[in-house]
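Just below is one structure, and these are the notes that go with it.
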Amino acid sequence: MAVTSGEQQTSALRHTAIRRAGEQGLLCDENVVALPMDVGYRGPTACAAAGITYRQLDYWARTGLVGPSVQPDSGDPPLYSVRDILLLKVVKRLLDTGISLQQIRTAVDHLRCRGTADLAQITLMSDGVSVYECTSPDEVVDLMQGGQGVFGIALGRVWRELEGTLDDVPGERLSEPLADNHPADELARRRRERKTG
C-alpha cells in the first residue's frame, strides 16, 4: 500500500508534536513515588512548597479554591495535605500563565474528583483560555497538533518537585492516614516506613 504525501505530512507533524511534548515534560509520568498521606503541613510550609505568598494561601482558602483539608485529632488548626499543596502549585502555575480564575476553579474542582493515584497521570493543557485534561500521550499530542495546547502542566512532574521539597520540611504526622478513592499502594507504605523507621 502506498503512503500519500498527506499521510507523510500528518506523520511528520505528529512526530514533531511528540518530540516537543517530550522535551517540555508534558507526557504522563509512570515513575512517580507516592507521597505519604498521613502527614499534614501548616500554612507557611504549604506556601513555601507551593511557591506562593501567605496572602494568596489565605485568599484561596477563604474563597474555597484550595484550603486545608486535614483536621488534626488534637483540635489544632487544619493542615494542608500533600494533595492540597499539589493543587496549590497547579493553581499558581495556571495563574502565572494568565488563565482566568473561573477556568482555574473549574480545573481544580475537576481534579478534586480524581483519586490521588490518578493525579500523577494527568497533564493539564491550555490554549490560554480553556484548560484541558490529558491522561495519555496521544491526547497531549492531539491537542498540540490541533493548536489547542499552547502550554501544559504535567502533574507527575509537579508531584516529583513536591516530593523533593517536602522531604526536607516539617510535617505533622496524623494518627490516621487520609482516606482516598484508592487504597494506599506498596510504594506509599514503604516510604512511610522509611520516614518513621
How much length, in nm to one decimal, is gained on full extension between D58 and L95, taken as 0.36 nm per residue of separation minus their Cα-Cα distance?
11.7 nm
If N is the number of residues in the range 99-138, what value comes out of its Cα radius of gyration divided by 2.2 N^0.38 Å?
1.16
Got the relative contact order for the range 40-171 handy, in percent, Cα pairs under 8 Å and 6 or more residues apart?
23
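Where a number appears in this text, it was derived from the coordinates with a stated rule and is not lab data. Being a predicted model, the structure only gives us computed values, none of them experimental.
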